[in-house]
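The values are calculated or read from the model by the stated rules, or taken from the named source; none is laboratory data. Owing to the predicted nature of the structure, the values given are computational and were not obtained by experimental measurement. Counting neighbours? That spans all protein chains shown, and the Cβs are built from the backbone with ideal geometry, glycine included.
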Amino acid sequence: MSTFQAPKGTYDLIPPDSATYLAVREALSAPLRNSGYGYIETPGFEDVALFARGVGESTDIVSKEMYAFETKGGDKLALRPEGTASVLRAALEANLHKGGNLPVKLWYSGSYYRYERPQKGRYRHFSQVGAEAVGTEDPALDAELIILADQAYRALGLRRFRILLNSLGDKECRPVYREALQGFLRDLDLDEETRRRVEINPLRVLDDKRSEVQKQLTGAPMLRDYLCDACKAYHDEVRALLTAAGVAYEDDEKLVRGLDYYTRTTFEFVHDGLGSQSAVGGGGRYDGLSEMIGGPALPSVGWALGVDRTVLALEAEGVTLDIPATTSVYAVPLGEEARRVLFGLVTELRKAGVATDFAFGGRGLKGAMKSANRSGARYTVVAGERDLAEGNVQVKDMESGEQQAVAVGDLVAVVQGKLA
Ligand code: AMP
């Protein structure tokens with residue numbers, strides 16, 4: 001071990017487990033790539049004000065968890081704690097919304113940073129696959145995103161997850177509700193910090209996990225009773241579309257989520273095998289965000305799915321992904337001349353698209369065959385001086401153990417034929 005370790009709250013992805021992460025990222029994004037979403041990549045850091053305004057000063061993410069810093073040039077930046085604000089910023093900057101082609105549908109995959117108290121499923125560096133559909137108000141778009149996330153989890157083999165669904169209202173009805181809720185909360189017996197929260201972000205108090213708070217919330221006004229007709233109709237349509245698609249969900253009036261920008265549809269995917277960090281993904285509609293960061297009105301909806309927690313959910317359900325061996329052919333030379341010839345053949349095989357690896361380091365037959373086994377290769381190509389004198393190499397089938405002499409010039413075609 002070296003004197004250095006991964007920073008607190010982080011971990012390294014290393015083979016063979018890292019292959020599962022890649023496969024999960026691939027699976028989470030596959031339904032998006034199949035549904036008209038284009039890939040977007042934004043920087044790992046942004047102007048700190050983008051998150052302060054976009055995600056919200058009153059959120060834990062901005063007030064407590066952000067890695068904010070000042071550069072030598074005096075710029076105030078922050079490592080991105082989430083993806084939506086950056087993606088919207090990029091879409092506005094590139095005028096994607098002006099092409100007359102709304103909604104702008106984008107997907108992304110990357111690292112996010114939050115200075116959280118680390119525990120299982122909660123890290124300071126984590127990974128998300130996300131999707132945003134910008135510029136259109138249409139309940140079918142909200143439904144599409146929920147259906148695509150559901151498809152992604154199912155394709156991975158997950159079953160023990162649930163979809164929680166709520167509507168947070170819009171700029172007409174939410175303020176009325178907010179005031180009613182504040183009136184109720186101000187009369188409760190709450191600690192200093194929670195009192196402050198009542199004033200800046202009262203909906204979050206509903207989300208408080210402590211039983212002494214939850215006990216007092218019985219009888220609190222519920223947003224459902226304050227939704228305006230337009231929000232109600234919108235929400236009913238989202239629900240009807242999900243039901244028609246055969247996607248089961250649970251209405252959860254207490255689902256408010258930790259970000260300020262959500263309006264109307266909000267949802268979370270929770271997994272029942274994960275303990276306290278049960279949210280594997282979440283998202284919702286954010287009709288006001290564009291204006292909050294200085295853009296035009298652009299009603300939008302999106303989600304982010306946590307890659308780390310999806311991997312934990314797979315473990316919790318005992319699902320192992322069927323990840324094919326990355327190496328198809330492993331070449332083992334016996335002697336100097338064979339080394340030169342086989343190394344050339346390896347390059348040819350690779351050029352022909354056959355995943356091939358080579359026994360480097362001039363090791364003996366036994367050690368090299370062990371590596372061949374470990375690589376998962378279907379065939380091993382072995383050659384010594386005698387084989388080469390006859391113009392041959394030996395191709396060994398690692399499953400059946402059968403071995404066959406193949407002329408050097410025929411090797412690529414023979415291997416391709418066997419693998420086809
Ligand atoms: P959020 O932006 O908080 O809604 O996060 C979306 C998803 O990202 C969550 O449902 C989690 O799966 C994942 N996630 C958020 N924060 C963390 C974290 N600190 N560690 C691991 N995964 C996280």
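Please count how many residues of region 128-161 are in a strand (DSSP E or B), within 13 Å of the ligand (Cβ to nearest atom) and not small (G, A, S).
So the count comes out to 4.
Select from region 291-329 the residues that are within 14 Å of Q277 (Cβ to Cβ) and charged (D, E, K, R) and list them in ascending order. Scanning region 291-329 gives D308, R309, E315.
For (1) farther than 26 Å from K8 by Cα; (2) in contact with a helix residue (DSSP H, G or I) (Cβ under 8 Å, 6 or more places away or on another chain), each residue gets a yes or a no:
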{"residue": "V48", "(1), (2)": "no, no"}
{"residue": "E57", "(1), (2)": "no, yes"}
{"residue": "M66", "(1), (2)": "no, yes"}
{"residue": "E70", "(1), (2)": "no, no"}
{"residue": "L79", "(1), (2)": "no, no"}
{"residue": "L88", "(1), (2)": "yes, yes"}
{"residue": "G99", "(1), (2)": "yes, no"}
{"residue": "P103", "(1), (2)": "yes, yes"}
{"residue": "Y112", "(1), (2)": "no, no"}
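Under the condition of being surrounded by 14 or more Cβ atoms within 10 Å (Cβ to Cβ) and not β-branched (V, I, T), which residue from region 349-364 is nearest to V412 (Cα to Cα)?
Here the residue is L349.
Against the definition (assigned by TED's automatic domain parsing to the domain that holds S63 and away from the ligand (no atom under 11 Å from the Cβ)), how does H125 come out, yes or no? No; evaluated as a whole, the condition is false for this residue. For region 202-308, the helices (runs of 4 or more DSSP H) that sit wholly inside it and include 1 or more residues that are basic (K, R) and more than 16 Å from the ligand (Cβ to nearest atom) are 211-216, 229-244. Whether any residue in region 393-413 is β-branched (V, I, T) and surrounded by fewer than 13 Cβ atoms within 10 Å (Cβ to Cβ) is what I want to check. For region 393-413, residues β-branched (V, I, T) and surrounded by fewer than 13 Cβ atoms within 10 Å (Cβ to Cβ): absent.
Restricting region 309-341 to residues that are of a type in the set (A, V, I, L, M) and assigned to a strand (DSSP E or B), the residue that is nearest to the ligand (Cβ to nearest atom) is V329.
Of the residues V238, V213, V247, the single one that is farther than 20 Å from V62 by Cα and touching a strand residue (DSSP E or B) at 6+ places or on another chain (Cβ under 6 Å) is V238. Taking region 23-63 as the range and being within 21 Å of H125 (Cα to Cα), polar (S, T, N, Q) and either surrounded by fewer than 18 Cβ atoms within 10 Å (Cβ to Cβ) or touching a Pro at 6+ places or on another chain (Cβ under 8 Å) (or both) as the test, only S63 passes. Is it the case that L13 is free of Cβ contacts under 8 Å to residues at least 60 places away in the same chain, surrounded by 10 or more Cβ atoms within 10 Å (Cβ to Cβ) and within 16 Å of the ligand (Cβ to nearest atom)? So L13 passes the test. Screening H97 on (1) away from the ligand (no atom under 16 Å from the Cβ); (2) assigned to a loop (DSSP other than H, G, I, E, B); (3) buried (at least 16 other Cβ atoms within 10 Å of the Cβ); (4) not aliphatic (A, V, I, L, M) shows it passes everything except condition (2). Only one entry in A297, A331, A313, A304 is in contact with a His (Cβ under 7 Å, 6 or more places away or on another chain) and either modelled with pLDDT of 95 or more or closer than 24 Å to I146 by Cα (or both), namely A313.
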